[in-house]
Amino acid sequence: MDKISSLCKRRGFIFQSSEIYGGLANTWDYGPLGSELKRNVKNLWWRSVVQERMDMVGLDCAILMHPQVWKASGHVDSFTDPLVDCKECKNRFRADHLTSTDDPDIKLCSSCKSKIDLRLSAPRMFNLMMKTSVGAVEDAGSITYLRPETAQGIFVNFLNILDTTRKKLPFGVAQIGKAFRNEITPGNSTFRTREFEQMEIEYFVKPDEDEKWYKSWIEERFNWYLKYGIKKENLRIRPHQKDELAHYAKACSDIEYNFPFGWSELEGIANRGDFDLRQHEQFSGKEMLYFDSQENKKIRPHIIEPSGGVDRATLAFLIDAYHEEKVKDETRVVLKFSKELAPIKVAILPLLKNRPQLVGMAKDIAEGLMGEFPICYDDTAAIGKLYRRQDEVGTLYCVTVDVQSLEDQKVTVRDRDTMLQDRVEVSRLKEYLSDKLKSE
Ligand code: ATP
């Protein structure tokens with residue numbers, strides 16, 4: 001994890017937020033390469049769950065919602081974590097994150113390892129929602145929350161979506177957006193933060209078809225991570241035990257990734273029954289039903305919810321891409337991103353930076369490719385170093401312009417993974433790279 005964190009900072013994937021002011025703890029900014037990578041993660045998700053399916057539509061809701069939403073959803077009353085104080089080091093922890101001992105009442109502090117007796121320091125329930133006030137007057141009526149999940153925006157738009165799209169069951173709605181939780185113990189880089197991004201789906205089904213769709217979504221989402229580069233041995237499905245389930249949920253499974261700090265949740269897939277629509281019906285007074293024309297009656301759909309984190313998926317893809325290889329006597333660090341995820345597809349590099357003709361030709365080539373693929377141009381070091389830099393950020397192909405290129409109008413294209421080189425005519429380069437990026 002240390003190696004990946006330092007690479008992320010050195011090469012512009014992830015920076016600490018507000019760094020020049022000493023940073024804001026556990027808050028991160030995505031740099032030039034990180035923002036491209038994260039955008040690719042979101043686009044691939046959107047493509048697979050919205051654009052490649054007839055039964056799905058997208059939505060993009062406001063972060064601020066009517067405060068009643070959070071009463072109906074249960075977040076005001078029960079979106080809490082158990083908080084304990086360590087009397088020794090004065091840090092605060094989530095009770096369920098402390099290290100267990102043989103005695104169920106005694107836990108070890110995660111920071112100073114001293115014993116915490118839960119009979120003396122009983123956990124207090126701490127609400128994770130971030131409060132804010134809306135408007136010029138700060139009073140009870142102006143209080144709302146930064147949404148702790150994107151899902152509620154989908155539930156409260158259920159009728160709007162039915163009216164405007166005329167979708168028939170089963171159908172789903174997908175949304176990507178920021179969510180905020182005042183986590184007691186954030187940490188492990190971008191894995192657990194107080195501001196993060198979610199990719200959530202609410203899939204509405206006939207009540208007796210819930211189990212079929214629950215299974216189908218687990219499989220679909222598991223395969224998505226494999227398709228874009230997570231190794232099978234680092235991914236698993238963990239069904240929740242009965243005592244882990246929310247009272248309304250029929251079933252829930254986590255897709256977990258083997259992070260350097262242990263197996264942890266990437267995404268949860270829950271069978272939520274009709275809880276959410278029922279709650280909003282009760283609190284809003286609006287009937288949240290669907291007219292089933294086959295059975296000629298109104299029904300309340302049940303819901304399957306695949307809910308993942310953009311930041312956690314991005315981190316897992318980064319970790320799984322990290323490779324160190326021995327090449328001759330040197331160690332080559334390479335991020336082996338899938339073609340779709342790589343932030344830069346092609347780098348254009350002149351062999352000699354002090355030969356204006358070479359530099360000019362390389363820049364012309366770069367300009368010709370710009371707009372076709374995400375590219376970069378670099379002439380700030382010797383070629384060996386330029387290759388190492390591009391390997392380290394996962395660039396798929398390096399195009400090198402050398403002295404010979406001026407005469408034969410050909411360039412060398414080097415493949416990131418095999419390091420094999422092809423000599424390609426400049427006039428054919430765009431087509432050559434398009435084929436490479438499409439195939440395999
Ligand atoms: P955890 O048990 O790790 O706190 P959760 O079960 O509360 O997570 P959900 O409420 O199911 O998480 O949220 C759906 C997804 O949103 C998670 O699978 C995760 O990818 C992401 N997520 C949740 N909380 C955070 C956070 N604090 N930082 C980053 N991502 C998060």
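Any read-out appearing in this document is the output of simple, stated calculations on the displayed coordinates, not a laboratory observation. Only a predicted model underlies this, so the values are computations on that prediction, with no experimental measurement involved. With ideal geometry, Cβ positions are generated from the backbone for all residues, glycine too; neighbour counts draw on all protein chains shown.
Brief remarks follow.
- Whole-Hz couplings from phi, Karplus 6.51/-1.76/1.60, listed for the stretch 93-99; x for Gly and Pro: 9, 7, 4, 7, 9, 7, 7
- Estimated vicinal HN-Hα couplings, Hz - the stretch 350-365 in sequence order (Karplus 6.51, -1.76, 1.60; Gly, Pro = x): x, 5, 10, 7, 9, 10, x, 5, 5, 4, x, 5, 5, 5, 4, 4
- Bridgeable aspartates and glutamates around residue 115 (alpha carbons under 16 Å apart, same-chain partners fewer than 8 residues away excluded): 85, 88, 96, 102, 103, 105.
- Distances between placed amide hydrogens fall under 5 Å for residue 14 paired with 9, 31, all partners being 5 or more residues away or on another chain.
- Each of 380, 27, 395, 400 was scored by other Cβ atoms within 10 Å of its Cβ. Arranged with the fewest first, they read 380, 27, 400, 395.
- Net charge of neighbours whose Cβ lies under 11 Å from the Cβ of residue 362, counting Lys and Arg as +1 and Asp and Glu as -1: -2
- Of 413, 327, the sequence from fewest to most neighbouring Cβ atoms within 10 angstrom is 327, 413.
- DSSP-defined beta bridges in the chain - what % are antiparallel, rounded to 5: 85 percent
- Global geometry of the stretch 344-438, whether rounded, prolate or oblate, following the gyration tensor of its Cα atoms and the 1.5 cut on a/c: rounded
- Flagged links, alpha-carbon separation over 24 Å, of 42/385; 178/215; 3/232; 339/430: 42/385; 178/215
- Under 5 Å from the amide H of residue 179 lie the amide H atoms of 196, 197, 198, each residue being 5 or more positions distant or on a separate chain, with H modelled from the backbone and absent for Pro and chain starts.
- DSSP beta bridges fully contained in the stretch 292-419 are about 55 percent antiparallel.
- Cβ distances below 4.7 Å define possible disulfide partners, and in the chain the cysteines left without one are 8, 61, 252, 376, 398.
- Cβ-Cβ distance of residue 247 and residue 16, R₀ of 35 Å, FRET efficiency by 1/(1 + (r/R0)^6): the value works out to about 0.35.
- Spatially proximal aspartates and glutamates relative to residue 297 (Cα-Cα < 20 Å; intrachain offsets below 8 disregarded): 163, 208, 209, 210, 274, 281, 287
- Considering only beta bridges that DSSP places wholly inside the stretch 344-438, some 50 percent are antiparallel.
- Computed from backbone phi, the HN-Hα couplings of the stretch 23-37 come to x, 10, 3, 6, 10, 10, 10, 8, x, x, 7, x, 5, 5, 4 Hz, rounded to whole numbers (Karplus: 6.51 cos²θ - 1.76 cosθ + 1.60, θ = phi - 60°; Gly and Pro given as x).
- Counting every other Cβ atom within 10 Å of each residue's Cβ, 299, 154 order from fewest to most as 299, 154.
- Shape class of the stretch 1-143 from the Cα gyration tensor (axes a ≥ b ≥ c, square roots of the eigenvalues): oblate, since a/c reaches 1.5 or more and a/b does not exceed b/c.
- Here's how it looks for residue 342: its modeled amide H is under 5 Å from none belonging to a residue 5 or more places away or on a different chain.
- With each label modelled as a point 7 angstrom along the Cα→C-beta vector, the residue 99-residue 113 pair spans 0.6 nm.
- Principal-axis analysis of the Cα atoms of the chain puts helix 310-321 at an angle of about 40° to the longest axis.
- Net charge of neighbours whose Cβ lies under 10 Å from the Cβ of residue 96, counting Lys and Arg as +1 and Asp and Glu as -1: +1
- Estimated dipole of the chain in Debye, rounded to 20 [Cβ of Lys and Arg +1, of Asp and Glu -1, Cα centre]: 420 debye
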